[in-house]
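Engineer: Have a look at the structure that comes next, please.
The values are calculated or read from the model by the stated rules, or taken from the named source; none is laboratory data. Since this is a predicted model, take the numbers as computed values, not measurements. A quick note on method: Cβ atoms are made from the backbone with ideal geometry, for glycine too, and the neighbour counts reach across all protein chains shown. What goes into the accessible areas is simple: the full protein's heavy atoms, side chains included, and nothing from ligands, DNA or RNA. Shrake-Rupley method; radii C 1.70, N 1.55, O 1.52, S 1.80 Å.
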Amino acid sequence: MSGFAEGSSHDFGKVPSPYAGRKIKTSEHLAISSLWFATNFLWGALLILLIPNQIRAMVPQYRAEILGLMIGTAAVIAIVVPLIVGALSDRCTSRFGRRRPFIFSGILINIAGLGLMAAAYASTKPVPLGAAASSFDAISQSPGIIIYFLAFLVVQLGNNIATAPYSGIIPDLIEPAQRGAASGYMALMSQAGTLLGALVCGPLLGSASDTIKYALISGVLLFGMLITVWKVKENPLTETQSKIQWGPYIKSLWISPKEHPNFAWVWITRALVMLGFYSIQPFINYYLIDQIGVSPKEVDNVAPILLAVILFTSSISGILGGNISDRIGRKKVVYYANATIAITSIGFIFCNTVPIVLLVGVLFGLGYGAYVSVDWALGTEVLPSKDNAAKEMAVWHIAMTLPQSIGAPIAGYALAAYGVTKEVVPGLDDPVLHYQDAGYATIFIIAAVCFAFGAILLRNVRGVR
């Protein structure tokens, strides 16, 4: 959920790279991308397992609304912070380099937020069924939930303080001829981190306490940060930099759709795809329990398997889709890919067993991986100015973070709009609340429509295959 993945804006004085003029070793690539593994380990554990489970335990009656509200609010931080911190790190003259001071401090803030989340959850009593008239009423009745909510915002703040400058490491240090390999290692470490975060904090740790899981996540983050700070070489910026003129800087982020229609249409289509994705992704944990029939005790085993299936198949189609798009064009790949994920989104509505949902997950992963494979390339091809590519890519990246702040809250309330049913489960003290099938059908249809229009509107892009 980090708000910055493609690169921070560093339009200011070039700093000689310690890696210039030689081939980057595999060990160095792994060190450079080590924090991508750690931060994705964090999000794989938190968003797939820990947060959905804990929200369900604290406020079972309003879990979808509150989860959507949390993710949507945190996404605002992921929009704003990178644009500010990225610009500050561009001008940082610390003897430790431009990026590493922010990485160090950001990860420490992130870890502090995780500690607050663990403490808030451990001390919070569940809101009894029927005790609150709405999700906001439930939040107001429980100071622990408020602290948990705010602690998650601290996690997001610290993570973006670290990852916004960290995103500039590859452009700063790696020569263009080797950036393809560096990006490959970055993708590998990111996907491995996401998957292992869900697997380790799910089936591998089993019944271990959530406090232990938070401690493990913190340890992985600390380890990834220390590798980056100690092993990644970075020459400091020695020239004094002018102060940021925030007014002109903010104004420069606006890219006129009238003057640059191709960029605008690619931005819109990406935003639609991400809007569809974040309308369903936060609630997969609940979907497996409510519609597929997975027990709350087993969902931590099944959710990582579904994630693994999607990541594995998307990796395969990502490689193939990128190569195919070079031959037949980016737009055709998007048309086929979006058609696939739109159809499979509807297919999820009709799933009722784990094997079937995994099969549909395979198809969704194939389509989504193909889309992602050309998404970044398509964005780079329609940039208004190659001289300001980093800053413009940051603006383009908002098309991923802004939909999180919109899609997750809307989908949460849409899911809950049809009410809940109660199921008495042997071995559990309280009944399990299930959202209605109609609620899940609604959010999957919303996602499918967004995916479809993400392809249809791409026809407005001219001069790009």
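Engineer: Pairs LYS25/LYS233; LYS125/LYS297; LYS251/LYS331; LYS125/LYS213: which are spaced more than 22 Å apart, C-alpha to C-alpha? Working shown, then result.
Structural biologist: Values: LYS25/LYS233 13 Å; LYS125/LYS297 19 Å; LYS251/LYS331 31 Å; LYS125/LYS213 20 Å.
In this structure, LYS251/LYS331 exceed 22 Å between Cα atoms.
Engineer: Test of understanding: extend the Cα→C-beta vector of ILE328 to 7 Å, then name every residue of the range 340-383 with backbone N under 14 Å from that spot.
Structural biologist: Counting backbone N atoms under 14 Å from the label point, the list is 340, 367, 370-371, 374.
Engineer: Rounded to the nearest 10 Å², what accessible area does GLU298 have for a 1.4 Å probe in the complete protein model?
Structural biologist: Estimated to the nearest 10 Å², GLU298 gives 90 Å².
Engineer: Another one. Please quote Rg/Rh for the range 268-366 to two decimal places, taking the Kirkwood radius as Rh and restricting both calculations to Cα atoms. Could you put the intermediate results ahead of the total?
Structural biologist: Working: Rg = 14.5 Å, Rh = 14.4 Å.
Ratio value, two decimals: 1.01.
Engineer: Identify, among PHE283, PRO60, PRO236, the residue whose Cα sits farthest towards the positive end of the charge dipole of the chain, taking +1 on the Cβ of Lys and Arg and -1 on the Cβ of Asp and Glu, with the dipole about the Cα centre.
Structural biologist: Result: PRO236, furthest along the dipole toward the positive end.
Engineer: Helices from the chain with mean Kyte-Doolittle at least -1.0 and a Cα length along the axis of 24 Å or more, per DSSP H: which?
Structural biologist: On the way: long enough: 63-90 (40 Å, 1.77); 100-123 (35 Å, 1.34); 143-166 (34 Å, 1.29); 176-199 (35 Å, 0.48); 210-231 (31 Å, 1.23); 261-280 (29 Å, 1.07); 299-328 (42 Å, 1.20); 330-349 (29 Å, 0.68); 354-381 (40 Å, 1.41); 389-416 (42 Å, 0.78); 437-456 (28 Å, 1.88).
Length and hydropathy pass: 63-90, 100-123, 143-166, 176-199, 210-231, 261-280, 299-328, 330-349, 354-381, 389-416, 437-456.
Engineer: Moving to a separate point now. For the chain, taking Cα atoms only, what is the radius of gyration to one decimal and the Dmax to the nearest whole Å?
Structural biologist: Final numbers for Rg and Dmax: 21.9, 68 Å.
Engineer: If one puts a single equal scatterer on every Cα of the range 395-465 and applies the Debye formula without solvent, what log₁₀ I(q)/I(0) results at q = 0.12, 0.26 Å⁻¹?
Structural biologist: Result of the Debye calculation: -0.53, -1.14.
Engineer: Under the rule of -39500 (n - 2.57) per DSSP H run of 4 or more residues, summed and divided by the residues of the chain, what mean residue ellipticity at 222 nm is obtained, to the nearest 500 deg cm²/dmol?
Structural biologist: Counting only the DSSP helices, I get -23500 deg cm²/dmol.
Engineer: Quick one: how many Å² of ILE161 are accessible to a 1.4 Å probe, rounded to 10?
Structural biologist: Counting only protein heavy atoms, ILE161 exposes about 30 Å² to solvent.
Engineer: While we're looking at this one, here's another question. Could you do me a favour and compute the accessible area per residue for the chain, 1.4 Å probe, result in Å²? Mind showing how you got there, number by number?
Structural biologist: Values: 19300 Å² over 465 residues.
With the other protein chains kept in place, the chain gives 42 Å² per residue.
Engineer: For the range 79-198, what is the Kirkwood estimate of the hydrodynamic radius, computed as the reciprocal of the mean inverse distance between distinct Cα atoms, to one decimal in Å? Don't skip to the answer; put the middle values down first.
Structural biologist: Numbers: mean 1/r = 0.0592 Å⁻¹.
In the range 79-198 this quantity evaluates to 16.9 Å.
Engineer: While we're here: Can you work out the FRET efficiency for the pair LYS258 and ILE456, with r the C-beta to C-beta distance and R0 = 25 Å, to the nearest 0.05? Intermediate values should be presented prior to the final figure.
Structural biologist: Working: r = 21 Å, r/R0 = 0.86.
Here the calculated transfer efficiency is 0.70.
Engineer: Right, next: Based on Cβ point charges of +1 for Lys and Arg and -1 for Asp and Glu, what charge dipole magnitude is obtained for the chain about its Cα centre, in debye rounded to the nearest 20? Before the final figure, lay out each step's value.
Structural biologist: Numbers: 31 positive and 24 negative charges, 275 e Å.
The dipole magnitude comes to about 1320 debye.
Engineer: Quote the FRET efficiency, to the nearest 0.05, computed for ALA119 versus SER94 with a Förster distance R0 of 25 Å and r equal to the Cβ-Cβ distance.
Structural biologist: Values: r = 32 Å, r/R0 = 1.28.
The calculated FRET efficiency here is 0.20.
Engineer: Any idea of SER140's accessible area? Nearest 10 Å², probe 1.4 Å.
Structural biologist: Counting only protein heavy atoms, the figure is 80 Å².
Engineer: Still on this model: Carbon and sulfur together cover what percent of the accessible area of the chain at a 1.4 Å probe radius? Can you show the working numbers first?
Structural biologist: Values: 13050 of 19300 Å².
On the chain, the fraction of accessible area on carbon and sulfur atoms equals 68 percent.
Engineer: Related question: Report the one residue of LEU49, LEU222, TRP267 whose Cα lies farthest in the direction of the positive end of the charge dipole of the chain (charges on C-beta: Lys and Arg +1, Asp and Glu -1; origin at the Cα centre).
Structural biologist: Final value for the positive-end residue is TRP267.
Engineer: Kindly identify the range 184-297 as rounded, prolate or oblate by the Cα gyration tensor criterion: order the square roots of the eigenvalues as a ≥ b ≥ c, call it rounded if a/c is under 1.5, otherwise compare a/b with b/c, prolate if a/b is larger, else oblate.
Structural biologist: The shape class here is oblate.
Engineer: Now, a different point. For the ranges 15-22, 224-231, what's the packing order if you count other beta-carbon atoms within 10 Å of each residue, average per peptide, and put the highest first?
Structural biologist: Values: 15-22: 12.4, 224-231: 18.9.
Output ranking for 15-22, 224-231: 224-231, 15-22.
Engineer: Multiply the residue separation of ASN235 and ALA20 by 0.36 nm, subtract the distance between their alpha-carbon atoms, and state the gained length in nm to one decimal. List each step's numbers first, then the result.
Structural biologist: On the way: separation 215, 0.36 × 215 = 77.40 nm, distance 1.14 nm.
Length gained between ASN235 and ALA20: 76.3 nm.
Engineer: Report the extension gain between GLU381 and SER242 in nm, rounded to one decimal, defined as 0.36 nm multiplied by the number of residues separating them, less their alpha carbon distance.
Structural biologist: 46.9 nm
Engineer: Whenever you get a sec, line up THR340, THR238 from highest to lowest accessible area (probe 1.4 Å, protein heavy atoms). Mind dumping the intermediate values first?
Structural biologist: Details: THR340 50, THR238 120 Å².
Most to least solvent-accessible, the answer reads THR238, THR340.
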